[in-house]
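Visitor: Right, I'll just put the structure down here and ask away after.
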Amino acid sequence: MVLSPLIDGVQTTLHLLTSPFPPLPSTRYPISHPLFHSLLLPPLLAVLLVAHLLLTRQPRPLRLALLPLLLPALLAPMRIRYDPPYKAWAYAHGLAATYAVFKAVEFAALREPPKKADGSQPGTSWAEAAGLMFAMRGLGWDFGPPKWRSLGPDPARGEFARGVLLDALKHYLAVDAISTLFLSLPRPPFNPLSIPSLPRTLAPLSPLLLALAFALFIQCGITFCYDVLTLLLLLVSPQRFPPRMFRPPLFRDPWSTDSLALFWAKGWHTLIRRSFTFLGSAPSFFLLPYCLPSRHPAKRVLDMLGAFAVSGLFHSFALWPLAHELALRELTGFFLVSGAACLGEVLWTQVAARKVGGWPGRVWMMGVLFVSGVPPLRVLAGHGLFETVYFERRASVCRGLLGRWVGR
């Protein structure tokens, strides 16, 4: 039955909401693939409903009144027990649930629906609402600046598909290699950010090296999933999803950028930038018009710091299913440090009359990211993120070769 997962998800969600809260560890449900997917369906359908109401230009109070439907998205992950092999899926569940909440708040607060990329008005069908809900990059929609420059003519479909397939294989091997490294690290309560095989003189560099490995792991993991989704869409509906729908690349060589502002603006992925910038601009939208002119520089500063703060809150809220804490100081603090550093680059440009760039800019960018990235990484590793088995042994090349040392 097609609706059975949805019915199971609604019933399970209602049972979870009516159970005593906060739940004891012994009363939490063990995670399973059917439970994971069924719990995501109700909040996603709630976001779809709010998106459809936005496209049909329903009153904003009505859309805001539906936001309590997203309550299961925040409470349900707290009642799930994620055993060590599935620790990372707890964070994935938290990210998906938090994404649903953020998008619903965005759709409920907008005055008018965004236009299509060609300037036309969007349709009012449920398919159009689903497209808006999953338009994480904004491709095909006018989400405002920055505008992507023309990347030239589209490659042939077969050539593009082969390139995506090779890219997926490359990132699969990278994810497999780095996750195998993580499985070989000490388990909590021992120091999870130590590499036993490093010489004693290099041991203090273990946290920074693991921060770099984790950043590469995130980049390769997200790109691998994106490549697989691209191949599926090209296979299922090649006419509706031409190669230009997937350009520019998700990551634009972030480690070659020579400033922190360029890293976050162009190098790193921009999957949820729309929600961060929209929700982050709320303080200046509501507060500054009463005390400062609309184009005052303070608005730009507050908008930029607000976007980084919302990004930090997004990752902090998503942490709850994994750690049962928000770790605001570590996770939100990491993004606020990046926001303050980007503001420092703007001040440097005005004072020194030249932009941050070159090798000094690259060293500055990596120094800020990796030094400020150690505290949140310590939180994630301390709660067992490195214990996750991402690929079964028969599907893992590195664990098949190094199984004697990894032990899993």
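Visitor: Suppose R0 equals 25 Å; then what is the FRET efficiency for ALA395 and VAL236 from their Cβ-Cβ distance, rounded to the nearest 0.05?
Guide: Calculated transfer efficiency: 0.60.
Visitor: Please give the FRET efficiency for VAL228 paired with THR349, using the beta carbon to beta carbon distance and R0 = 41 Å, rounded to the nearest 0.05.
Guide: Once rounded, the FRET efficiency stands at 0.55.
Visitor: A further question follows. Counting Lys +1, Arg +1, Asp -1, Glu -1, what net charge surrounds PRO242 among other residues with beta carbon under 12 Å of its beta carbon?
Guide: +3
Visitor: Quote to one decimal, in nm, the extra length available between ASP142 and LEU169 on full extension: 0.36 nm per residue of separation minus the C-alpha distance between them.
Guide: 6.5 nm
Visitor: Excluding ligands and nucleic acids, what accessible area in Å² is computed for LEU139 using a 1.4 Å probe, to the nearest 10?
Guide: 40
Visitor: What GluC sites (Glu not before Pro) does region 293-401 have in DSSP loop regions with at most 16 other beta carbons within 10 Å?
Guide: GLU325, GLU392
Visitor: Accessible surface of TRP348 in the full protein assembly, 1.4 angstrom probe, to the nearest 10 Å²?
Guide: 120
Visitor: With every protein chain left in place, what is the accessible area of VAL301 in Å² (1.4 Å probe, nearest 10)?
Guide: My reading of the accessible area for VAL301 is about 50 Å².
Visitor: Continuing with this model, one more query. Where a Cα-Cα gap under 19 Å defines reach, which aspartates and glutamates qualify for LYS116, not counting those fewer than 8 residues away within the same chain?
Guide: Correct list for LYS116: GLU106, GLU128, ASP142.
Visitor: Sorted from largest down, give the three principal axis spans of the alpha carbons of region 210-325, whole angstrom values.
Guide: Between the extreme Cα coordinates on each principal axis of region 210-325 lie 54, 38, 33 Å.
Visitor: If you split all Cα-Cα distances of region 306-408 into 5 Å bins from zero, what percentages do you get per bin, shortest first?
Guide: Result returned by the calculation: 2, 11, 15, 15, 12, 13, 12, 10, 5, 3, 2, 0.
Visitor: Give the lysines whose C-alpha is closer than 21 Å to that of LYS170, dropping any in the same chain fewer than 8 places away, or say none.
Guide: Within the straight-line cut-off, LYS170 pairs with nothing.
Visitor: Using the Karplus curve 6.51 cos²θ - 1.76 cosθ + 1.60 with θ = phi - 60°, work out ³J(HN,Hα) for each residue of region 172-181 in order, rounded to whole Hz, and write x for Gly and Pro.
Guide: Per residue, the Karplus-derived 3J(HN,Hα) values read 4, 5, 5, 4, 4, 5, 6, 5, 5, 4 Hz.
Visitor: For TRP141, enumerate residues with amide H under 5 Å from its amide H, sequence gap 5+ or separate chain, H modeled in the peptide plane.
Guide: ALA117
Visitor: Okay, next question. Can you list the aspartates and glutamates whose alpha carbon sits under 12 Å from that of LYS266, skipping same-chain ones fewer than 8 residues off?
Guide: ASP253, ASP258
Visitor: Further question on the same structure: With viscosity set to 0.692 mPa s at 37 °C, what whole-number translational diffusion coefficient in µm²/s follows for region 229-290 from Stokes-Einstein and a Kirkwood radius over Cα pairs?
Guide: 227
The values are calculated or read from the model by the stated rules, or taken from the named source; none is laboratory data. Not measured: the values here are computed from a predicted model. Here Cβ is always computed from backbone atoms with ideal geometry, including for glycine, and neighbour counts include all displayed protein chains. Remember, those area values only see protein heavy atoms, side chains included, never the ligands or the DNA or RNA. Shrake-Rupley method; radii C 1.70, N 1.55, O 1.52, S 1.80 Å.
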